[in-house]
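For reference, the structure discussed in these notes is given below.
The values are calculated or read from the model by the stated rules, or taken from the named source; none is laboratory data. Not measured: the values here are computed from a predicted model. Heads up, the Cβs are rebuilt from the backbone with ideal geometry, glycines too, and the neighbour counts pull from every protein chain shown.
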Amino acid sequence: MRIDDPAHVRAQYLTEEHLETRRSVWHPTADGRDPATEALAAIVAENPLRVLEVGPGTGMFAVRLAAALPHASLTTIDQSERFVEMTRARGIDSRVGDAQDLPYADESFDAVAAMWMLYHVPDVDRAIAEVRRVLRPGGLFVAVTNGDGHVAELRVEAGGEPVVTAFSSQNGEEQLRRHFAEVERIDLVPQAIFLDSEAALAYLRSSDEPVEWRLEEFTEPRAYDGEATIFLCR
Ligand SMILES: C[S@@+](CC[C@H](N)C(=O)[O-])C[C@H]1O[C@@H](n2cnc3c(N)ncnc32)[C@H](O)[C@@H]1O
């Protein structure tokens, strides 16, 4: 099983259960910074009129975009029918589709966001090329991803290994520079807080990896470091 195997991705996101289990543990960095809020601020600062979010999941970030940019036209595309339905239920335009084959004309958007999704795409280079194509020259692409150190301490403690993906804090910049002249990055260490060992195991098991996760029981909250990067590309 690979994180970019389409069958795994489809199964993982047939419903919101796994995504919600993982999302619920995340808290800002020690100095109060949060990757999604940084991404939102970067997009809002552009005052874009046409915005695309690729892989919106349940649509939470899209709702924040819509509230912050009331005059913009916002659309989203996700491979999961359930997520498209949930995003539409929040009043956001959404359709089923593939990041590797975006059904939009060249230069259709002023800003594009792809949050924690490029590591799921089999051909990352093609997906980045598609974003470049649908973005107007000088438009902003915001890609958020995790690094190899993301909850690595917990993963190793629980009998696994750090997760290394095809689009990460470590390898993402080089891939983006093939398509964008400017790439800035913001690296953050968000905190995963688990109230007890069962919550940590539920988090680890939610990704359906072929690992027998096991942890010594704990009943006091514990925090583990994440590793997230916001790439800002033009
Ligand atoms: C880890 S979730 C992140 C969801 C959301 N962006 C968030 O931050 O909560 C990955 C999302 O990307 C979507 N996705 C994965 N591969 C995709 C592809 N090739 N094309 C479109 N969406 C895809 C999944 O269905 C899921 O909604």
Output yes when any residue across the stretch 199-207 is closer than 30 Å to S108 by Cβ, hydroxyl-bearing (S, T, Y), touching a residue at least 40 places away in the same chain (Cβ under 8 Å) and not in a loop (DSSP other than H, G, I, E, B), and no when none is. no
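Using the structure shown, decide if D125 is in a loop (DSSP other than H, G, I, E, B) and of a type in the set (D, E). Break it down stepwise before answering.
Details: in a loop (DSSP other than H, G, I, E, B): no; of a type in the set (D, E): yes.
Here the answer is no, as D125 does not meet what is asked.
Tell me the residue from F167, F231, F141 that is under 17 Å from the mean Cα position of the chain (by Cα), touching a residue at least 24 places away in the same chain (Cβ under 8 Å) and not in a strand (DSSP E or B), please.
Values: F231 fails: not in a strand (DSSP E or B); F141 fails: not in a strand (DSSP E or B).
Only one candidate qualifies: F167.
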Name the residue, out of D110, D93, D101, that is near the ligand (Cβ under 9 Å from one of its atoms) and over 17 Å from the mean Cα position of the chain (by Cα). D101
What pairs come up if the first residue lies in the stretch 41-58 and is within 11 Å of D78 (Cα to Cα) and within 15 Å of the ligand (Cβ to nearest atom), the second is part of a loop (DSSP other than H, G, I, E, B) and not hydroxyl-bearing (S, T, Y), and their beta carbons are under 7 Å apart, counting only those six or more places apart or on different chains? V54/A99; V54/M117; G55/A99; G55/M117; T58/E16
Give me the strands (runs of 3 or more DSSP E) completely within the stretch 1-104, filtered to those with at least 2 residues that are exposed (fewer than 15 other Cβ atoms within 10 Å of the Cβ), ordered by residue number. 93-96
Residue match in the stretch 134-149 (condition: within 15 Å of the ligand (Cβ to nearest atom) and among the hydroxyl-bearing types (S, T, Y)): yes
Just one of (1) buried (at least 16 other Cβ atoms within 10 Å of the Cβ); (2) within 16 Å of the ligand (Cβ to nearest atom) trips up G160, so point out which. (2)
Test each condition in (1) in a loop (DSSP other than H, G, I, E, B); (2) within 19 Å of the chain's Cα centre (by Cα); (3) not hydroxyl-bearing (S, T, Y) for P210 and report the one that comes out false. (2)
Every pair of residues 6+ apart whose Cβ atoms lie under 8 Å, when the first sits in the stretch 77-105 and is among the aromatic types (F, W, Y) while the second is at pLDDT below 95 and more than 11 Å from the ligand (Cβ to nearest atom): none
